[in-house]
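Chemist: Mind having a look at this structure? Questions to follow.
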Amino acid sequence: MVLDKINQPNDIKNLTPEELEALPGEIRQFLIENLSKTGGHLASNLGTVELTMALHLVLDFPKDKLIWDVGHQAYTHKILTGRAADFEHLRQFGGLSGFPKRGESDCDSFDTGHSSTSLSAALGYCMARDLAGEDYKVAAVIGDGALTGGLAYEALNNASQLSNKSNCLMILNDNEMSISKNVGGMSTNLERLRTNSKYVGLKNRIIGALEHLRNGDRIISKIRNTKNSIKSLMLPNMLFEDLGIMYLGPVDGHDIQAMVKTFNMALSIHGPVIVHVITKKGNGYEPAERHPSRFHGTDIFEIETGLPQRSSNPGYTDVFSTVMRKMGDRNPEVVCITAAMAEGAGLKRFRNMFPDRFFDVGIAEEHAVTFAAGLALGGRVPVFAVYSSFLQRAYDQILEDVCLQNLHVIFAIDRAGLVGADGSTHQGIFDVSFLTAMPNMTVMAPKNKWELSDMLKFAVAFDGPIAIRYPRGEAYCGLKEHRADIVLGKAEEIKRGSKVMLFALGSMVKKAEEVVAQLEEQGIDAGICNARFAKPLDEDYLSTLMDYDMVVTMEENVLTGGFGQQVQSVMVDKGYTGKVLKIAVPDEFVQHGSVTLLFKELQMDSESITKRILDALGK
Ligand SMILES: Cc1ncc(C[n+]2csc(CCOP(=O)(O)OP(=O)(O)O)c2C)c(N)n1
């Protein structure tokens, strides 16, 4: 196996041409076999095998800096930097992260997980390098999907400030796909570049000419001296050109030698250069080529068929999807927005039924929110379905454009809470804190699947900014008999109990039930209240708890600025002298691992919570 010869960074440079030719197949086989057992981002990684190999042939690790946008496509980079053995524990607690992590390897240059950051980070590295008079190379790889994010354009605009004595290599990995088919004007622009035979012919002529060059150095210096003529020859893309960024390409992203030549040439050019590389998502594994969206992020699967190995029960996303379809039918004013997450956020059915009222804006959460504000002012009822961690991008837009104008925009916040294998960049544990800080905002969280449905209906009939947060995974089907009408700012008491009251938000109501059962075994008759609203809090209800020895707040959100601290503040203001025990995520980033394990680690599983309550009661 050629792979056995790859044990540390730069080992790839010692391979023979025959070994180099065999390596992509071996890496693909390795990825398919491992991910069939662990799950992970398969399709994107199958698409970047040769691209990564070419980069490892022209860069020197760890001296040079390579920044992956989003970072979900960096598995081959991990393999080529000596981490193949760790794939057995990919995305598991304590195991290899699914994204680049500086703490994991000195060959990872920037921690990522959220889209469109690579160009900014690369430019920062370049400026720092130039200021220090150092000479390492800096390369960023950005997908055509990630290029729909506003941050990438801010970097492109800033790139011309790079001294024309210095280089920044930007590689556009174009597979025409985000998670779904890519959208928007930029994607149309790239499509034109890809399909225009003139440019492809031009590329082939240039690569062909280079192939026949004996003295590479002389040619490179010639290219440098005749930059302008090369530029006019090779720069058909006015968008990049006009921003002062040299455009090279398109290049076949599965042809290692063609890429090595182009990257070497690009690295010898002064100033920022963008190399347009064409790859195929899922390349080399038929099921992933056929279903690139499904294999973008996959659970464990059967290699022969590509079929999932685990079936999952309906999740909150499915409930959301069903309710939105019905709501779309009943109310023609309702429109839905996604930032490139139509499948993940459950909007596929709405898109199919109401294509004119469905908007995929690309990976552009900030735009999505201000766009929703415009839709609301124009008389529509916009529902922005978004993962909690990605909504963080749009903090200012929610505050300034929606809340300040008190607009009726509905935020359907999926993956709110611990998400598991995607790890620290994706945990949805901040939204309660940042949303409840905003005037005019209402924040709800359902205890079970029926309550999500009721809350969505309530939100559509409401007037003003309103958010519903619900977690990843299976929708809770317990407590069906508790279905009181949703009333603004009113909690729902489930069991009165005595002495100890568990005041739980959303997903934590289920855990509260478990804790109450465990406390009962210890002779403690604890109550449960389903908070329903993180904002406004049910202050009247909290006033009825003054005689309890302890109020336990429970939330799948950070402690700082969260539900518990706000409940405590209300209780103290009302003169409560008992104990408020706050169960929440501590002030730290939460790594990857199964959600069950993470709850245990954070002492937020029901057994740990029971123990914490007993300790606090001195039992
Ligand atoms: C801010 C943000 N929003 C959404 C996502 C979810 N997401 C992860 S990868 C991806 C698509 C990226 O497409 P592209 O950059 O073209 O990479 P490809 O997988 O196609 O190679 C999306 C939307 C994210 N990581 N960050």
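The values are calculated or read from the model by the stated rules, or taken from the named source; none is laboratory data. Keep in mind that this is a model prediction, so the values were computed, not measured. All Cβ positions, glycine included, derive from the backbone under ideal geometry; neighbour counts span all protein chains shown. Each accessible area value is taken on the protein alone, full model and side chains, heavy atoms only, with ligands, DNA and RNA left out. Shrake-Rupley method; radii C 1.70, N 1.55, O 1.52, S 1.80 Å.
Chemist: How many of the residues in the range 62-72 are open to solvent by 10 Å² or more (accessible area, probe 1.4 Å) and either under 16 Å from the mean Cα position of the chain (by Cα) or free of Cβ contacts under 8 Å to residues at least 60 places away in the same chain (or both)?
Modeler: Qualifying residue count for the region: 3.
Chemist: If His114 satisfies all but one of (1) open to solvent by less than 10 Å² (accessible area, probe 1.4 Å); (2) within 16 Å of the ligand (Cβ to nearest atom), what's the number of the condition it fails?
Modeler: Result: His114 passes all but (1).
Chemist: In the set Pro272, Pro292, which member is assigned to a loop (DSSP other than H, G, I, E, B), modelled with pLDDT of 95 or more and open to solvent by less than 50 Å² (accessible area, probe 1.4 Å)? Quick ask: steps written out before the conclusion?
Modeler: Details: Pro272 fails: assigned to a loop (DSSP other than H, G, I, E, B).
Checking each option against the conditions leaves just Pro292.
Chemist: I'm trying to understand the selection: among the residues of the range 471-506, which are surrounded by fewer than 19 Cβ atoms within 10 Å (Cβ to Cβ), of a type outside the set (D, E, K, R) and within 17 Å of Asp547 (Cβ to Cβ)?
Modeler: Answer for the range 471-506, where residues must be surrounded by fewer than 19 Cβ atoms within 10 Å (Cβ to Cβ), of a type outside the set (D, E, K, R) and within 17 Å of Asp547 (Cβ to Cβ): just Ser498.
Chemist: Ok, one more. Listed residues Phe320, Phe295; which is of a type in the set (Phe, Trp, Tyr), within 24 Å of the chain's Cα centre (by Cα) and closer than 28 Å to Asn406 by Cα?
Modeler: Phe320
Chemist: Residues of the range 420-435 being open to solvent by 10 Å² or more (accessible area, probe 1.4 Å) and of a type outside the set (Asp, Glu), which ones?
Modeler: Ala421, Ser424, Thr425, His426, Phe430, Ser433, Phe434 - these are the residues of the range 420-435 that are open to solvent by 10 Å² or more (accessible area, probe 1.4 Å) and of a type outside the set (Asp, Glu).
Chemist: Taking the stated definitions as given, is Ser594 over 29 Å from Phe93 (Cα atoms) and surrounded by fewer than 18 Cβ atoms within 10 Å (Cβ to Cβ)?
Modeler: no
Chemist: Now for a different question. Within the bounds of the range 381-402, is there any residue that is in a loop (DSSP other than H, G, I, E, B) and away from the ligand (no atom under 16 Å from the Cβ)?
Modeler: No.
Chemist: Let me ask something else about it. Among the numbered criteria (1) of a type in the set (A, V, I, L, M, F, W, C); (2) surrounded by 24 or more Cβ atoms within 10 Å (Cβ to Cβ); (3) within 16 Å of the ligand (Cβ to nearest atom), which single criterion is violated by Ala121?
Modeler: Ala121 satisfies all of (1) of a type in the set (A, V, I, L, M, F, W, C); (2) surrounded by 24 or more Cβ atoms within 10 Å (Cβ to Cβ); (3) within 16 Å of the ligand (Cβ to nearest atom) except (2).
Chemist: Scan the range 33-59 and report the pairs whose first residue is open to solvent by 10 Å² or more (accessible area, probe 1.4 Å) and whose second residue is assigned to a helix (DSSP H, G or I) and of a type in the set (Val, Ile, Thr), with Cβ atoms within less than 9 Å and a gap of 6+ or a chain change.
Modeler: Qualifying pairs under 9 Å: Glu50/Thr76; Glu50/Ile256; Leu57/Ile12; Leu57/Ile256; Leu57/Val260; Val58/Val260.
Chemist: Let me ask something additional. Output the qualifying pairs, or none if there are none: Cβ atoms under 8 angstrom, residues six or more apart or on different chains, first residue in the range 160-180 and over 28 Å from Thr195 (Cα atoms) and without any contact (Cβ under 8 Å) to a residue 24 or more places away in the chain, second residue within 16 Å of the ligand (Cβ to nearest atom) and among the β-branched types (Val, Ile, Thr).
Modeler: Within 8 Å, no pair qualifies.
Chemist: Right, something else. At pLDDT 95 or above, more than 16 Å from the ligand (Cβ to nearest atom) and either acidic (Asp, Glu) or surrounded by fewer than 20 Cβ atoms within 10 Å (Cβ to Cβ) (or both): does that describe Asp144?
Modeler: So Asp144 fails the test.
Chemist: Inspect the range 443-455 for any residue being basic (Lys, Arg), open to solvent by 40 Å² or more (accessible area, probe 1.4 Å), away from the ligand (no atom under 16 Å from the Cβ) and touching a residue at least 40 places away in the same chain (Cβ under 8 Å) and give the result as yes or no.
Modeler: Scanning the range 443-455 turns up at least one residue that is basic (Lys, Arg), open to solvent by 40 Å² or more (accessible area, probe 1.4 Å), away from the ligand (no atom under 16 Å from the Cβ) and touching a residue at least 40 places away in the same chain (Cβ under 8 Å).
Chemist: Would you mind finding the one in His296, His254, His270 that is closer than 24 Å to Tyr470 by Cα and either of a type in the set (Lys, Arg) or touching a Ser or Thr at 6+ places or on another chain (Cβ under 8 Å) (or both)?
Modeler: Only one candidate passes the filter, namely His296.
Chemist: Given the options Gly362, Gly306, name the one that is open to solvent by less than 10 Å² (accessible area, probe 1.4 Å), within 16 Å of the ligand (Cβ to nearest atom) and over 24 Å from Lys457 (Cβ atoms).
Modeler: Gly362
Chemist: Right, something else. For the range 152-172, name all the residues that are farther than 15 Å from Val273 by Cβ and buried (at least 21 other Cβ atoms within 10 Å of the Cβ).
Modeler: Across the range 152-172, the qualifying residue is only Ala152.
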